[in-house]
Amino acid sequence: MSAPVVRCVLAADDPALIAACGAATEAAATIEIVAAVSRSRVLGGAVPACDVLLVADAPGHPAAAWAEDAARACPGVAVVLLVDDAGVDTYRAALRVGACAVATLPVSPVGLASAVADAVRAHRPGAALRDMSPGEVVAVAGASGGVGASAVALALAAGWHALLVDLSRGRAGLAFALGAAQERTLAELAQAGEALAAGIATVSAEHPCGLRFVPGPADADVLSAVAPGWGLTLVREVRVRERAAVIDAGGASEGSPREALVAADRLLVVVTPVRAALEAARSLILDAARWGAAAQPELVVNRWSRRAEVGLRAAARIVDAPIAAVVRDAPRPMRAYDEGSLDVARWMRVGPMAGLPAALARGSR
C-alpha cells in the first residue's frame, strides 16, 4: 500500500515560486499542493483544508517574521518555512515561531519532500496526545567520569526502541559512538523557547538500530546558557510524546542535566566496582535526594568480574542503593564503542550489554 499523499497549501504570491513548488511536488509524488493563497488570506484563516502550510519568503515579508501568526490562524496545521537562507539561525528562528521544518529556496523535490515529512512527523505527536498515556523517562547518570553511563544509556534506548537524548555535555558524546553527524542538535532546542515541544521531533534523527537520537551540541557550553527549568520542560515534553525515552545526564552536576535527573520517572546511577566510583555514587545519590529527585536511585554496576575490587553486596551497602543490573567486563566488544565505529545491532546481540534492556525493563514501573 502506498503512503498517503500529504496535502499542502502554499502561502506565496510569486507566480514563478508557485510554479516551481508545483513542479517539485509533482516530482516528489508524496506531497500535493492543493492551493496557493495570499498572506492576507492565511492571516484571515481562509485556508483550504490541508496537512501542511508552506510559508515562503517574500520581499518585505520574510517567512519567519509572520509564520507565528500564520500558525495561530491555522490551528492543527503543520508549518514549513521556505527560505532563501536555511542556516542554523533560521532554523532556530523557525522553532521559536512554531514552524516544524525548513526548506531552502529554490525548492527541490527532495528538499521539499524531506521538510514536509519532518513537519508531519513533528506535528503528529501533539495531535495524538489524547490517545497516549504518559511514557516513562529514564535518566542515566554516571557516578564519575568514565564509568560507562553513556554506553548504558545507548544500550537501553536501542533495546527499548526509545528516544535517546544526549545531555551528558561531553565534547564527543554519543554521536561519536554512533558515528552520527547531524547539524540539528540540542543547541537548536535550547534556543527554541516555547517551541521546544514541536522541535523535539524535528531535531531527533532515526538510527538504523531502531532508536531515535537527539545529539548533544558541538559546544557543550551552550547548555549552560539555557534558562532555569529548561531541563524540567524537556522531560515533561518528552514524557507526553514518547512511550519510552532515555536521557544521558552525564554527571548531572548542574543545570539542565541535573533538572532532567530530578524530573525523570526512573533514575539509574552507573558505577564500576571500585571504591572511588562507589563513593562518588553515594555522594551523587545524597545530592539527588537533596535536590528533590522524583525517583529512587538504582545502581547499574558496569565492568563487573569476579576479580572486582568490591563485591556486589558490598557495593550496594557502600552506596546504600539497590543494584538493578550488572554488566560484565568485556573490553574487546567495547573497543568499537570507544573508537566510534560501533555496529549497534550486533553489539546489542553479542556485546556485554545485550541483556541489559530486558533486565531493567522487568524492574520498571
_Candidates Ile318, Ile285 - the one that is modelled with pLDDT of 95 or more, in a helix (DSSP H, G or I) and in contact with a Lys or Arg (Cβ under 9 Å, 6 or more places away or on another chain)_ = Ile318
*When residues of the stretch 44-65 are filtered for being in a helix (DSSP H, G or I) and modelled with pLDDT of 90 or more, how many remain?*
1
*Mind checking which residues of the stretch 268-287 are crowded, with 18+ Cβ neighbours inside 10 Å and among the hydrophobic types (A, V, I, L, M, F, W, C)?*
Leu268, Val269, Val270, Val271, Ala277, Leu278, Ala280, Ala281, Leu284, Ile285
*State whether one or more residues within the stretch 263-271 are farther than 24 Å from His207 by Cα, acidic (Asp, Glu), under 26 Å from the mean Cα position of the chain (by Cα) and assigned by TED's automatic domain parsing to the domain that holds His161.*
yes
*Output the number of the condition that Val116 fails; it satisfies all remaining conditions of (1) under 29 Å from Gly22 (Cβ atoms); (2) at pLDDT below 85.*
(2)
_Which count do you get for residues in the stretch 311-322 that are under 23 Å from Arg266 (Cβ atoms) and either touching a residue at least 12 places away in the same chain (Cβ under 8 Å) or outside the structural domain of Leu299 (by TED's automatic domain parsing) (or both)?_
8
*Among the residues of the stretch 23-39, which ones are closer than 17 Å to Leu81 by Cα, of a type outside the set (A, V, I, L, M) and either in contact with a Lys or Arg (Cβ under 8 Å, 6 or more places away or on another chain) or in a helix (DSSP H, G or I) (or both)?*
Thr25, Glu32, Arg39
*asked:* Filter the stretch 256-275 down to the residues that are in a loop (DSSP other than H, G, I, E, B) and under 10 Å from Ala139 (Cα atoms) and list them by number.
replied: Ala264, Asp265
*When residues of the stretch 122-178 are filtered for being at pLDDT below 80 and on the phi > 0 side of the Ramachandran plot, how many remain?*
2
*Quick one: in the stretch 322-365, of everything that is within 17 Å of Leu174 (Cβ to Cβ) and of a type in the set (Asp, Glu), which residue is nearest to the chain's Cα centre (by Cα)?*
Asp343
*For Arg72, are the conditions met, namely being under 28 Å from the mean Cα position of the chain (by Cα), of a type in the set (Lys, Arg), crowded, with 16+ Cβ neighbours inside 10 Å and assigned by TED's automatic domain parsing to the domain that holds Arg121?*
no
_Kindly evaluate Arg290 against the criterion of being of a type outside the set (A, V, I, L, M) and either buried (at least 22 other Cβ atoms within 10 Å of the Cβ) or within 25 Å of Ala354 (Cβ to Cβ) (or both)._
no
*Do we find a residue being assigned by TED's automatic domain parsing to the domain that holds Pro273, modelled with pLDDT of 85 or more, closer than 17 Å to Ala157 by Cβ and not in a strand (DSSP E or B) anywhere in the stretch 323-342?*
no
_Looking at the structure I just gave you, is Thr90 surrounded by 14 or more Cβ atoms within 10 Å (Cβ to Cβ) and free of Cβ contacts under 8 Å to residues at least 24 places away in the same chain?_
no
*Answer residue from the stretch 11-22, given it is free of Cβ contacts under 8 Å to residues at least 60 places away in the same chain and not acidic (Asp, Glu) and is nearest to Leu81 (Cα to Cα) among those*: Ala11
*Which pairs have Cβ atoms under 6 Å, sit 6 or more apart or on different chains, and link a residue in the stretch 244-260 that is outside the structural domain of Ala294 (by TED's automatic domain parsing) to one that is surrounded by fewer than 24 Cβ atoms within 10 Å (Cβ to Cβ) and in a helix (DSSP H, G or I)?*
none
*Quick check: is even one residue across the stretch 79-89 part of a helix (DSSP H, G or I), acidic (Asp, Glu) and under 20 Å from the mean Cα position of the chain (by Cα)?*
yes
*Which condition does Arg72 not pass, out of (1) out of contact with any helix residue (DSSP H, G or I) (no Cβ under 7 Å at 6 or more places or on another chain); (2) closer than 19 Å to Ala115 by Cα, if it passes all the others?*
(2)
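The values are calculated or read from the model by the stated rules, or taken from the named source; none is laboratory data. Note that the coordinates shown come from a computational prediction; the quantities given were computed from them, not determined experimentally. Cβ: placed from backbone, ideal geometry, glycine included. Neighbour counts: every protein chain shown.
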